[in-house]
């Protein structure tokens, strides 16, 4: 028997076989017939232990851990791994180890609270580090923890509140019409906790892979035993190629990025890599050969930073616009559904536990309170002019609400949230408006970036929250409980992310040759500075990227993924392709489809461990360096590169053969 955290009452727990199946119903992932209904795993008419001291505590602990890990990895490579699956695996493993009876409801709450980490991190690191980047050339810009924390917190809260009215449309009305790839995988992990003998093998595999990936990345980050990037530019012949033909090939040797490529899969990894080589092996050599004398004298990395990747920025912004246009019918339908409920036009009978949301009247009240708090934050904490703060507030409200469905729709279809592209467009729009009302210069840059941080976090939260609520729909949890406790997870994750960003800035920085890449934040700073300082804005390059995105969309190529590859450094996109290729080979390593599926599932588990371990130990490496440890200069061009190649081959073989060790 478990004690309910909210009521303090005892909730009966009959034997699992008497109430719930231990498998997802066969109509969970397909559209229903006219006379067919869906019944989740947890019976809609019964009460279950969901919100308990155990589930809330574990959810918050995992939110802190994964917030720190995701922030480090996101600032390093520009990709924030989704924490839902690793957190679900940990929850299931712990419930099995603690021998909890019927723990499914509690595990859903653990996953839902813990998953705040990834979405809050994405919103924060894509925007707010740009203020530190701009601080390099504009020392008068000041950044403090409170700005980062409140920007992330308010954005997360708005994302939750704006999405709740859309829940029934996405998770109930559109049942079977969206694939929900991440929610599907997470649901399959959570359902394993229903079995009388929970499978602890998954948690063990994840733990071992986390240790392997973590120690691997920690050794190179703190002791520099091998090169973390293998590149042709490390050799004299490669330097000649770079000088004459502006050609460079490179690959990061980290375990976390390799695992990320495996989970992304070959299709999207290849599209991202294609965007990268389009820039690095076509545009940069073209600019370096036929450009002005100033450009031809530049190093390929400088051409990429100052010119070539701006095309990708324009493409990402256009991809966000395309997403809004495609999602407009969804906005209209969901708003109509929410407004009818707000007017009391819903069915007279009360909803069963399984479909019970926070009431629309309460949502409207909370949205009002949150928006007032955001306005006060903009006025007192950032802009200091009520009129200008009001205009910034209007921009945030409109854009965050309109883009909510774009983010949710993207997650529901492909499991990837185009939040960075939508935020770039927000910055361009906001900057243009701010300049028109006299809010420019460094104060305008701070205001625009904080506004962008709120919008980015709101969209990231909306996209992530649809996954949590779809998981709850399939398994039968109470939406109101997921929605209510999501706010606490957001608060804790926002505080953690703010602290980690400050720490990483002090240890590594976000600009310079040895700094964390922070690609999205660098892109935001690149867009914002000329608009606010009266400089020359490279509209031609942006327009080329926008036209390219339209052409890619017309051809059926994922424009966002391609353009993302265009402004991420080549050495971070190459391992994405390597990981995707490993996934492809593992998925075709047997003539038996069931064996291939088992191997690919195990590979996903091992890759998740490499990501989680590499990211967590990356934070530990940052702490080690901050405490005074100096990374030794491994010197020379030959030995570190050869050792890096050997170490990378070893981690590739570990991932491949670990995946192949699975049986039916």
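When the criteria are applied in full, residue 368 fails the requirement of being farther than 24 Å from residue 469 by Cβ and modelled with pLDDT of 85 or more. Note on the stretch 286-310: residues that are part of a helix (DSSP H, G or I) and within 32 Å of the chain's Cα centre (by Cα) total 11.
Scanning the stretch 354-378 for residues that are part of a helix (DSSP H, G or I) and touching a residue at least 24 places away in the same chain (Cβ under 8 Å) yields a total of 12. Can you tell me how many residues in the stretch 488-509 are within 28 Å of residue 47 (Cα to Cα) and over 18 Å from the mean Cα position of the chain (by Cα)? Total satisfying the criteria: 1. Of the listed requirements (1) modelled with pLDDT under 80; (2) part of a helix (DSSP H, G or I), residue 417 misses just one: (2). When residues in the stretch 493-541 are screened for being crowded, with 23+ Cβ neighbours inside 10 Å and over 22 Å from residue 136 (Cα atoms), 3 of them pass.
Among the residues of the stretch 205-230, just one is outside any loop (DSSP other than H, G, I, E, B) and over 28 Å from the mean Cα position of the chain (by Cα), namely 223.
The values are calculated or read from the model by the stated rules, or taken from the named source; none is laboratory data. Nothing here was measured: the structure is a model prediction, and the numbers come from that model. All Cβ positions, glycine included, derive from the backbone under ideal geometry; neighbour counts span all protein chains shown.
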